[in-house]
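The values are calculated or read from the model by the stated rules, or taken from the named source; none is laboratory data. On a predicted model such as this, the values are computed, not experimentally measured, just so you know. Positions of Cβ are generated from backbone atoms using ideal geometry, with glycine treated the same way; all protein chains shown enter the neighbour counts.
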Amino acid sequence: MIFNELFEFIIFILPCYVANAAPVAFNKIIPMKTPIDMGRKFIDGRRILGDGKTIEGFTTGVCVGTFVGIILTLLGHHQILTSLILAFGAMLGDALGSFIKRRLGVPRGKPLPLIDQLTFVVVALILCNVITNVPLMYYIYSLVITPPLHLGSNYVAYLLRLKKVPW
């Protein structure tokens, strides 16, 4: 029973996970150079998000995550609107994580445990909960599964030279 529920969770959250990974995976194909914050600073004098959060990366994440959701929908395992919201929420949550890191003075490319691993998935689930009832267990699974999965996938991206740092 738990394996079925876990499988359903993975299928459900896949557009979010893929959206979060897509900018790193597509960075060599699509140049990601236009910062979302356009170089602007927040009231604390620091960049709002920094150079690492780009319009191209955000758009790539939403599109690729939604595309994966469309495929899952065609296979009878998802809904397109849910996929779009999960993908958008992942990118919004990732940007929120960068905003928090900038407020705390954490430089671009430096880790901030749990913020790096969880903001994207938590924001995606909260946004998705607006249109559908996201089971409480999905939040719990996210908190348990996402950090090691995120760290592992980042390490693989580092080994593949898609990322400059392993976190």
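A few notes on this one:
- First in segment 31-49 and surrounded by fewer than 18 Cβ atoms within 10 Å (Cβ to Cβ), second anywhere and among the hydroxyl-bearing types (Ser, Thr, Tyr) and not in a loop (DSSP other than H, G, I, E, B), Cβ under 7 Å, 6 or more apart: Lys33/Thr54; Thr34/Thr54
- Checked against (1) part of a helix (DSSP H, G or I); (2) within 30 Å of Phe42 (Cα to Cα), Thr66 passes all but a single condition, namely (2).
- Test result for Tyr158, surrounded by 14 or more Cβ atoms within 10 Å (Cβ to Cβ), modelled with pLDDT of 95 or more and of a type in the set (Phe, Trp, Tyr): no
- When segment 10-30 is limited to residues that are under 16 Å from Ala157 (Cα atoms) and among the β-branched types (Val, Ile, Thr), the one that is surrounded by the most Cβ atoms within 10 Å (Cβ to Cβ) turns out to be Val18.
- Check on Ala87, out of contact with any strand residue (DSSP E or B) (no Cβ under 9 Å at 6 or more places or on another chain), among the small types (Gly, Ala, Ser), surrounded by 15 or more Cβ atoms within 10 Å (Cβ to Cβ) and in contact (Cβ under 8 Å) with a residue 60 or more places away in the chain: yes
- Criterion: in a helix (DSSP H, G or I) and within 18 Å of Asn129 (Cα to Cα) - qualifying residue of Phe88, Phe7, Phe3: Phe88
- Failed criterion for Leu75 (all others in (1) closer than 18 Å to Pro35 by Cβ; (2) of a type outside the set (Ser, Thr, Tyr); (3) out of contact with any helix residue (DSSP H, G or I) (no Cβ under 8 Å at 6 or more places or on another chain); (4) modelled with pLDDT of 95 or more hold): (1)
- Conditions (1) of a type in the set (S, T, N, Q); (2) touching a strand residue (DSSP E or B) at 6+ places or on another chain (Cβ under 9 Å); (3) farther than 15 Å from Asp94 by Cβ; number of the one not met by Gln79: (2)
- All positions within segment 127-150 that are farther than 15 Å from Phe9 by Cα and either surrounded by 15 or more Cβ atoms within 10 Å (Cβ to Cβ) or of a type in the set (A, V, I, L, M) (or both): Leu127, Val130, Ile131, Pro147, His150
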